[in-house]
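Scroll down for the structure; my scribbles are underneath it.
The values are calculated or read from the model by the stated rules, or taken from the named source; none is laboratory data. What you are looking at is a predicted structure, and each value in this text was computed from that prediction instead of being measured. Note that we place each Cβ from the backbone using ideal geometry, even for glycine, and neighbour counts take in every protein chain shown. For accessibility, only protein heavy atoms count, side chains too; no ligands or nucleic acids. Shrake-Rupley method; radii C 1.70, N 1.55, O 1.52, S 1.80 Å.
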Amino acid sequence: MKKINTEKAPAAIGPYSQGIVAGGFLFASGQIPIDPVSGKIVGTDIEQQAQQAIQNAGAILEEAGADYTSVVKTTCFLADMKDFAAFNSVYETYFTEKPARSCVAVKQLPKDVLCEVEVLAWLG
């Protein structure tokens, strides 16, 4: 197993890695809309926050030698399912290959953000 770490994505805020490569796959930790430079939450609406969270996931993909087209599965967490359509409008501009996906609403996300995005990518 190989740990993935990049300064282009927010540092882990707990006892975990940004990502792990194992068995030809990248297992990335969920990304929230934190600017990796300032450490601050980006945006106040779902579109802005989704874009930053997905870009953070993209930085981890890049560090592992992959990109959005390598993603085989995403798990998306929304603070409010009313944001589903707006979230999808951002999501579909990045994940053009339409990977498998789960998308659920949760009671609360870290730092009270509106979304979190997790990716699983094939590196082979």
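Tabulated data for the structure shown
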item: Residues of the stretch 80-102 classified as surrounded by 12 or more Cβ atoms within 10 Å (Cβ to Cβ) and either outside any helix (DSSP H, G or I) or at positive phi (or both), total; result: 4
item: Looking only at the stretch 12-48, and only at residues there that are among the hydrophobic types (A, V, I, L, M, F, W, C), touching a strand residue (DSSP E or B) at 6+ places or on another chain (Cβ under 9 Å) and assigned to a loop (DSSP other than H, G, I, E, B), the one that is modelled with the lowest pLDDT; result: I13
item: Odd one out for F25, checked against (1) over 13 Å from W122 (Cβ atoms); (2) over 13 Å from the mean Cα position of the chain (by Cα); result: (1)
item: Of the criteria (1) in contact (Cβ under 8 Å) with a residue 40 or more places away in the chain; (2) open to solvent by less than 50 Å² (accessible area, probe 1.4 Å); (3) farther than 19 Å from V21 by Cα, which one V119 fails; result: (3)
item: Single residue of the stretch 13-28 satisfying the filter (free of Cβ contacts under 8 Å to residues at least 60 places away in the same chain and surrounded by 12 or more Cβ atoms within 10 Å (Cβ to Cβ)) that is farthest from K73 (Cα to Cα); result: S17
item: Residue tally, condition over 14 Å from N5 (Cα atoms) and touching a residue at least 40 places away in the same chain (Cβ under 8 Å), over the stretch 44-58; result: 7
item: Residues (under 19 Å from I13 (Cα atoms) and surrounded by fewer than 16 Cβ atoms within 10 Å (Cβ to Cβ)) located in the stretch 37-74; result: V37, S38, G39, K40
